[in-house]
Amino acid sequence: MFTGEILRRCEDIMIEVCDSFGAELVEFNGEEDHVHLLVHYPPKVALSTLVNSLKGVSARLLRKEYPAHIGQYLWGGHFWSPSYFAASCGGAPLSIINEYIEDQRRPG
């Protein structure tokens, strides 16, 4: 579902959502069917709340801005799957995490 243009817009949306939580989107990339984010967020923010907002706001805006394209790929009317994977990278060199995200096969 993700094209290069839609991924760029998704990244912009996620930067804005992170900003509203006092968080920083450090790295973003994606492939045709998923995205990877490296987010630095304050301890007062519940991760589930941040993820729900990232997914909810991006789904609403991308569906509104790209209705014909996105409509072909919805899962039972849903933009994102209900699940997500989150891992702490405390102690890992951020350069390694950044490199992993940058190396995703982003569509053109």
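Throughout, read-outs are computed from the coordinates displayed, never taken from laboratory work. Quantities reported herein were computed from a predicted structural model and do not represent experimental measurements. In this analysis, Cβ positions are derived from the backbone assuming ideal geometry, glycine residues included, and neighbour counts consider all displayed protein chains.
Computed from Cα positions, the angle between helix 4-20 and the longest principal axis of the chain comes to roughly 50 degrees. In the chain, the longest principal axis of the Cα atoms and the axis of helix 47-65 are about 30 degrees apart. Dipole check for the range 4-102: with +1 at the C-beta of Lys and Arg, -1 at the C-beta of Asp and Glu, and the Cα centre as origin, the magnitude is about 500 Debye.
Sorted by mean Cβ packing within 10 Å, highest first, what order do the peptides 54-66, 74-86, 36-48 take?
On the way: 54-66: 16.1, 74-86: 10.1, 36-48: 13.2.
Output ranking for 54-66, 74-86, 36-48: 54-66, 36-48, 74-86.
Two numbers describe the Cα atoms of the chain: Rg and Dmax, which are 13.8, 43 Å.
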